[in-house]
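Novice: My questions will all concern the structure given below.
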Amino acid sequence: MVTETELYNALKTVKIIDNRKWNGNRMTKRDGATTGIHRKNLAYRNGPCESGVFGMTANPQSSWKPRPSKLTNDYPEVYDVIERYMKERLPDFVFESVTVNHNLRCRKHKDSRNSTLSLITSVGEFTGGELNIQHPETGVKKTFDTHGKWVIYDGSKFEHWNNPIKGDKYSLVFYSRWSSLGKDQKKRILEKLTGGSEKFRLLEPGYLSTILD
Ligand SMILES: [Fe+2]
């Protein structure tokens, strides 16, 4: 089984972005391909906060057709470690892409382009960085520690944001963007993971927490 330390060490070898002199939400280009992005619109502060995508990605260079991302091609062994770390723990979760955020403290936002559930976990040497998720109807806010734990939520419907990070944090968000999961598929995954499906369910502070619409 891939340990958290093994995953952390693998992620540390990845150069998500090349140029840290950012001005706005600029893409990083290497060999003509996009590797990472400084998500100024999402980040609380300027600094070494980076975001890149493993797995399938689509952008103007690919005419918006899904294809393996630059990071996947550049670091196949790292992607293998990421996939194994996840699949060994939650084999039923279906995903196409993994966004890796390095020390990115997100502001309150929704992921409008993610068409389905997001599964998030984080690794590294850090404290803080907890994920806050707010229910769109009740306004109830819940705070989750994702360090070595897993949270499933609907990032397109639930606003979410991070607490301040102290140290070095990588968070990994697994999701599908192009082929949305059907209702039955979602239900099956959640039933398997939670032992039942309710309209709004929180399991905490356990290993697995879920929030769903
Ligand atoms: Fe998000």
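Computed from the coordinates by the stated procedures, all read-outs in this text should not be read as laboratory data. In this text, all values refer to a predicted model and were calculated from it rather than measured experimentally. Counting neighbours? That spans all protein chains shown, and the Cβs are built from the backbone with ideal geometry, glycine included.
Novice: Considering only residues of the stretch 68-117 that are touching a Lys or Arg at 6+ places or on another chain (Cβ under 8 Å) and hydroxyl-bearing (Ser, Thr, Tyr), which is surrounded by the most Cβ atoms within 10 Å (Cβ to Cβ)?
Specialist: Thr116
Novice: Another question, if that's okay. Name the strands (runs of 3 or more DSSP E) wholly within the stretch 95-171 that hold at least 3 residues that are near the ligand (Cβ under 10 Å from one of its atoms)?
Specialist: 159-162
Novice: Would you pick out the residues in the stretch 59-85 that are farther than 12 Å from Ser97 by Cβ and aromatic (Phe, Trp, Tyr)?
Specialist: Trp64, Tyr75, Tyr85, listed by residue number.
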